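Below: one structure, written as structure tokens.
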Amino acid sequence: MSDKQSLGPNQTFWLKELRSGKYEQGKTDLCHNGKYCCLGIAAEIFATGQTEIHITKGIKYFDSCLSSAPEYVMDSLGLYKDLGETSSLTFDENALAKMNDQGKTFAEIADIIEQDPSVYFKEPR
């Protein structure tokens, strides 16, 4: 039996959506002109009726967040920090936003997360 953290239903759903091919990948912003960052997909799929969403100059804001995960995404996924930093809490090449912006595909990002979910998530959610 492995000591590796398992994924919860929200995390599993997000990884499935990353691999779905439904979203065109963009960089820097959660969603700009219909292109999403990996965290932007999470912002889209976990948005509720209480989520404030508005679009200005092609940029979609989720609860006033432009490029970092809103609080509801962090809660839904159990992320350590709003740019998908690892458990070291350092914004480096392993942060989800950084990997996205440096050209890793959504599928590659999902594969990295699955290797050890505890690197990105506090607990299964």
Shape verdict for the range 9-113, please, from the Cα gyration tensor: rounded (a/c under 1.5), prolate (a/b greater than b/c) or oblate. rounded
Lys and Arg at +1, Asp and Glu at -1: add these up for the other residues within a Cβ distance under 15 Å of TYR80 and post the number. -3
Return the loop-located chymotrypsin sites (Phe, Trp or Tyr not before Pro) in the range 51-125 (DSSP other than H, G, I, E, B) with at most 15 other Cβ atoms within 10 Å of their own Cβ; answer none if there are none. PHE91
At a 10 Å Cβ-Cβ cut-off, how would you order ASP82, ASP29, fewest neighbours first? ASP82, ASP29
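Mean residue ellipticity at 222 nm from the helices of the chain, using -39,500 (n - 2.57) per DSSP H segment of n ≥ 4 over the full residue count, to the nearest 500 deg cm²/dmol?
On the way: 5 runs with 42 residues, N = 125.
Dividing the helical sum by the residues of the chain leaves -9000 deg cm²/dmol.
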Once both labels are modelled 7 Å past Cα along the beta-carbon direction, what's the THR105-ASP63 spacing in nm? 3.1
Nearby lysines by direct alpha-carbon distance to LYS4 (threshold 26 angstrom, same-chain neighbours under 8 apart not counted): LYS16, LYS81, LYS98, LYS104, LYS122
Hey, what did the range 3-124 get for relative contact order, percent, Cα under 8 Å, at least 6 apart? 28
So, in nm, how far is label LYS16 from label SER87 when the simple model puts each one 7 Å beyond its Cα toward the Cβ? 2.6
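If we count other beta carbons within 10 Å of each Cβ, what is the order of THR28, THR86, fewest first? Show your work: numbers first, answer last.
Details: THR28 13, THR86 17.
Ranking THR28, THR86 by Cβ neighbours within 10 Å, fewest first, gives THR28, THR86.
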Straight distance only, please: which aspartates and glutamates reach the Cα of LYS22 with their own Cα at less than 17 Å, same-chain residues fewer than 8 apart left out? GLU44, GLU108
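Filter the GluC sites (Glu not before Pro) in the range 47-101 down to the DSSP loop ones having no more than 10 other Cβ atoms within 10 Å, then list what survives.
Working: sites: GLU52, GLU71, GLU85, GLU93; in loops: GLU52, GLU85, GLU93.
Sites meeting the loop and neighbour criteria: GLU93.
Computed from the coordinates by the stated procedures, all read-outs in this text should not be read as laboratory data. This is a predicted model, so every value here is computed, not measured. Ideal geometry is used to build each Cβ from the backbone, glycine not excepted, and the neighbour counts take in all protein chains shown.
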